[in-house]
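Student: Could you have a look at this structure, given as C-alpha cells, before my questions?
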Amino acid sequence: MKTLALAMFATALTALPAAAQDTAAKKETPLDFTLEPGKVHEHCVKLAKGQSRRFEWASNVIVDFNVHYHKGDAAFYPFKANSRKAAKAKFTADHADEYCWMWTALKDTAKVTGVIR
C-alpha cells in the first residue's frame, strides 16, 4: 500500500510541470505596440500538435500579418493576412513547434492593439 501511495505521489509531481507549462502557454497576451515603417513585431509561443490560440487585432493603417515557424533557415507560413487593418481567427498547430505571430508596418507608422488567447 505504501508503494502504491509513493508511486501515485511521484506521478502527480511529474505531471505538475507539464500542467503548469500548459497553463502558462494559454495565458492571454495583450497586444499594444507601435511599428515604424518597415519594422516588425513578433510574439512567439511553443504549441503542441493540436493546440489552438485565438487572436484578434486591429491597426490604424494597413499592415502585413502572418503566423509562421522556422525549420533551419527556412520560414513556413500556415497563416497569412497581408494588407489588412484587422484580423480575427483561431490558429491550430498541425505539429509541435514554436509559432510566431508577426506584424510588418508598410509605408506608414502602425499602432496595433488586440489579444492572443
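Student: With the alpha-carbon atoms as the only input, what is the per residue convex hull volume for the range 78-117 in Å³?
Tutor: Per residue, the Cα convex hull of the range 78-117 comes to 91 Å³.
Student: Please list, by residue number, everything in the range 77-117 whose backbone N is under 14 Å from a paramagnetic label point 7 Å out along Cα→Cβ of residue 39.
Tutor: 103-112
Student: Further question on the same structure: Can you list the lysines whose alpha carbon is less than 23 Å from that of residue 111, not counting same-chain residues fewer than 8 positions off?
Tutor: Here the lysines satisfying the reach criterion relative to residue 111 are 27, 39, 80, 85, 88, 90.
Student: Next question. Around residue 60, what is the net charge, scoring Lys/Arg as +1 and Asp/Glu as -1 over all other residues with Cβ under 14 Å from its Cβ? List each step's numbers first, then the result.
Tutor: Values: positive: 84, 85, 107, 111; negative: 32, 36, 108.
Combined, the nearby Lys, Arg, Asp and Glu give +1.
Student: Multiply the residue separation of residue 108 and residue 79 by 0.36 nm, subtract the distance between their alpha-carbon atoms, and state the gained length in nm to one decimal.
Tutor: Full-extension gain reported as 8.1 nm.
Student: Calculate how large, on average over all directions, the projected area of the Cα convex hull of the range 40-102 is; give the answer in nm² to one decimal. Kindly include the intermediate steps, with their values, before the conclusion.
Tutor: On the way: hull surface 16.5 nm².
Orientation-averaged projected area of the Cα hull: 4.1 nm².
Student: What aspartates and glutamates could a cross-link reach from residue 49, if we take a straight Cα to Cα line under 19 Å and drop same-chain neighbours fewer than 8 places away?
Tutor: 22, 94, 97, 98
All of the numbers you see were taken from the coordinates with simple rules; none came from a lab. Keep in mind it's a predicted model, so treat the numbers as computed, not measured. Cβ atoms come from the backbone with ideal geometry, glycine included; neighbour counts cover every protein chain shown.
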